[in-house]
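The values are calculated or read from the model by the stated rules, or taken from the named source; none is laboratory data. Just so it is clear, the structure is predicted and the values come from calculations on it, not from any experiment. When we count neighbours, we look across all protein chains shown, and the Cβ atoms used for this are built from the backbone with ideal geometry, even at glycine. Note: areas computed on protein heavy atoms with side chains; ligands, DNA, RNA excluded. Shrake-Rupley method; radii C 1.70, N 1.55, O 1.52, S 1.80 Å.
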Amino acid sequence: MEKHGYTRDDWDYYDVDSLLPSDEQLAEYFRTYKPEVVGLSAVVSTCYAQVKRIARIVRASCPDAMIVLGGSLTASSNLILRKTDVDVCVVGDGEIAWVGMLDYVKVHGRKKVVDALRGIKGLAFLGEGGELHFTGYGLQIPGDEMPFPDYDILLAGLKNHPEELRNYFRLGLGSTHFQTDKRSWEKHRRPMLAQIWSSKGCVARCTFCQRSTKGYRVPGIQELDEHLEMLIKRFDVGFIHIIDENFSSDKEYAYELARSMKKYDMMWMASGIRVSSVEREDIKFYKEHNCVGLKFGVETGSQKIMDLMEKKFTVERVFQTLKHLADLEMYSPLAVMVGMPGETNGTAAETGRFVGRVSHMA
């Protein structure tokens, strides 16, 4: 928005997740602010009830506002548009489509001009006859333009409760991930833990997962360095939790990131990673550059279920990768799921035996 002429005088942000407002508080906010367009974000299916509630309040408070929903929930746009007060869904990447919607509202307001809306990639909306229109997945910004969290925006969303910014940080040693590495306990270590993404997207097509964006991109390494410097100076951060879906799929970038973590004396771990993305020498390099652990999407100890999931690797490969971490004294919590279509008591028992085997590898 800011790159396309929308200044901070043009928008307001309300952090519903942190403030947990009542219906009346939300209604009063919208009646007072009187927005022309309201953007909601819904990451997962459990957001549906909140979307329905908030959109209803917005519509009652601001009957002429255009209500736009983004996030992975828009995979169910047909349902959302018919069962809630949402006017338009943004499907896939939202940055470019959102700016397109703002430009559209300046000209047309809430009125649905089908030809104009169809000129914006990434939209789903209903026509006058109730037919569903979909303009294709949203256009993507380049990786080096992907922003890291802007804590001034997050702070603005907290209104009269700036102290709630603490929700975005934790004590590093309050996390089991970091307690297991003796380097985390060094006296000079800065205390706070922050989360970041170092990539967007996924290289896999696991059958249990719904992909909301296409491809795989990484941000600029200079932008990462600037963000780490800010976290140190402003929030005394010495621990980083990388919450990618697919860390290390771009190995060159992952190595640069590791060097940056070492340069800024950050202890770090990555939580979303495929065993096929790392070899022993990679894990050793990350360890030497302040990594305390890696969390893999193991999911199952049954090769049958792994094949149904289309994970594209073997149970034995999972074990060998976990053994590399154990040999290097690195922490690796397991992400396991049960109940995949095709699961039986037998395949679940295989997963149990696998977890036992991993637990006793030392």
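Quick notes on this structure:
- Every residue from the range 203-212 that is open to solvent by 30 Å² or more (accessible area, probe 1.4 Å) and closer than 11 Å to residue 249 by Cα: 203
- Here is the figure for the range 48-59: residues that are within 11 Å of residue 83 (Cβ to Cβ) and buried (at least 19 other Cβ atoms within 10 Å of the Cβ) total 2.
- For the range 1-42, a residue qualifies if it is β-branched (Val, Ile, Thr) and either out of contact with any strand residue (DSSP E or B) (no Cβ under 6 Å at 6 or more places or on another chain) or in contact (Cβ under 8 Å) with a residue 40 or more places away in the chain (or both), and the qualifying residues are 7, 16, 32, 37.
- Lone qualifier among 166, 183 - being more than 30 Å from residue 19 (Cα to Cα) and either assigned to a helix (DSSP H, G or I) or open to solvent by 70 Å² or more (accessible area, probe 1.4 Å) (or both): 183
- Screening the candidates 72, 45 for the property of being modelled with pLDDT under 95, out of contact with any strand residue (DSSP E or B) (no Cβ under 7 Å at 6 or more places or on another chain) and surrounded by 15 or more Cβ atoms within 10 Å (Cβ to Cβ) yields one hit, 72.
- Residue count, the range 27-39 (criterion: open to solvent by less than 30 Å² (accessible area, probe 1.4 Å) and over 18 Å from residue 10 (Cβ atoms)): 1
- A Cβ distance below 6 Å, combined with a sequence gap of six or more or placement on separate chains, defines the contacts here; from the range 314-341, residues that are over 12 Å from residue 293 (Cα atoms) reach residues that are part of a loop (DSSP other than H, G, I, E, B) and open to solvent by 30 Å² or more (accessible area, probe 1.4 Å) in the pairs 323/361.
- Of all residues in the range 335-362 being part of a helix (DSSP H, G or I), more than 20 Å from residue 274 (Cα to Cα) and not polar (S, T, N, Q), the one that is most open to solvent (accessible area, probe 1.4 Å): 353
- Meets criteria (open to solvent by 10 Å² or more (accessible area, probe 1.4 Å), closer than 26 Å to residue 171 by Cα, at pLDDT below 95 and touching a Leu at 6+ places or on another chain (Cβ under 7 Å)) for residue 332: yes
- Close Cβ contacts (under 7 Å, 6 or more residues apart or on different chains) running from residues in the range 186-209 that are under 20 Å from residue 242 (Cα atoms) to residues that are of a type in the set (Asp, Glu) and surrounded by fewer than 16 Cβ atoms within 10 Å (Cβ to Cβ) comprise 190/236; 191/236; 192/236.
- The residue that is modelled with the lowest pLDDT, among those in the range 176-197 that are within 21 Å of residue 329 (Cα to Cα) and touching a strand residue (DSSP E or B) at 6+ places or on another chain (Cβ under 6 Å), is 177.
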